[in-house]
Amino acid sequence: MATHVLHSAGRRHKAIRLDEHLPVDHRLSRFYRVGAGLMGLVLVVFGILGLIDRIGFFDTGGDTVAGLNTNGTLSVLSICIGLLLFGGMVIGGNLASTLNMIVGIAFVLSGFVNLALLDTDANFLAFEMQNVIFSFIVGLLLMTFGMYGRVSGGLPHDNPYWRARHPEQAAIEQRRRTPMPEVTNGPRL
């Protein structure tokens, strides 16, 4: 666990990184895995359906799959990103969380970029407005799956991210929960 100590006005602050270690069996890891797996499944299915229809790789003729405009390039890209999310699901933990956040941000940015490219010759992924909206929705869902339990304000005190941000209070609570060993005054006679 790599952390840095910051000094300001005589006080010590511990800088928190988003890749703090989670226990392998922590319940948040399951949530991150489910999010990555569900979104990966949606993208892989969409990509496979696009490839089955044998749409040209840079065709912008308006071919649709599951209500979304597509072409071969978008189908292959969807499969690759879906497989990447499956990889995050298999590994789990903080990697799945961070991957969900990064891919989610990429989807939101892709939505904005492709919104700007609608009705231009540079729209080589054949995006239409429904694709832009889908990109925003998937991006927001992935970011929610990735950030859940990491950046919210009301984290429970057993959350590893809360403990890392409040080490003094976490130590006090840990001592309170740990039973005290019996103290003896020496051998009895």
> Among the residues of segment 75-91, is any in a loop (DSSP other than H, G, I, E, B), modelled with pLDDT under 90 and either under 25 Å from the mean Cα position of the chain (by Cα) or under 20 Å from Ala106 (Cα atoms) (or both)?
Replying inline: no
> When residues of segment 96-113 are filtered for being among the hydrophobic types (A, V, I, L, M, F, W, C) and surrounded by 19 or more Cβ atoms within 10 Å (Cβ to Cβ), how many remain?
Replying inline: 5
>> Every residue in segment 98-118 that is touching an Asp or Glu at 6+ places or on another chain (Cβ under 9 Å) and either under 9 Å from Ala36 (Cα atoms) or aliphatic (A, V, I, L, M) (or both), please.
In response: Leu118
> Pick from segment 162-179 the residues that are closer than 21 Å to Met147 by Cα and out of contact with any strand residue (DSSP E or B) (no Cβ under 9 Å at 6 or more places or on another chain): which of them is modelled with the lowest pLDDT?
Replying inline: Trp162
>> All but one of (1) in contact with a Leu (Cβ under 7 Å, 6 or more places away or on another chain); (2) at pLDDT below 90 hold for Gly104; state the number of the condition that does not hold.
In response: (2)
>> Just to check your reading of the model, which residue among Leu141, Leu125, Leu115 is within 18 Å of Val45 (Cα to Cα) and more than 14 Å from the chain's Cα centre (by Cα)?
In response: Leu125
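The values are calculated or read from the model by the stated rules, or taken from the named source; none is laboratory data. Note that this is a predicted model, so its numbers are computed, not measured. Methodologically, a virtual Cβ is constructed for each residue, glycine included, from the backbone with ideal geometry; neighbour enumeration extends over all protein chains shown.
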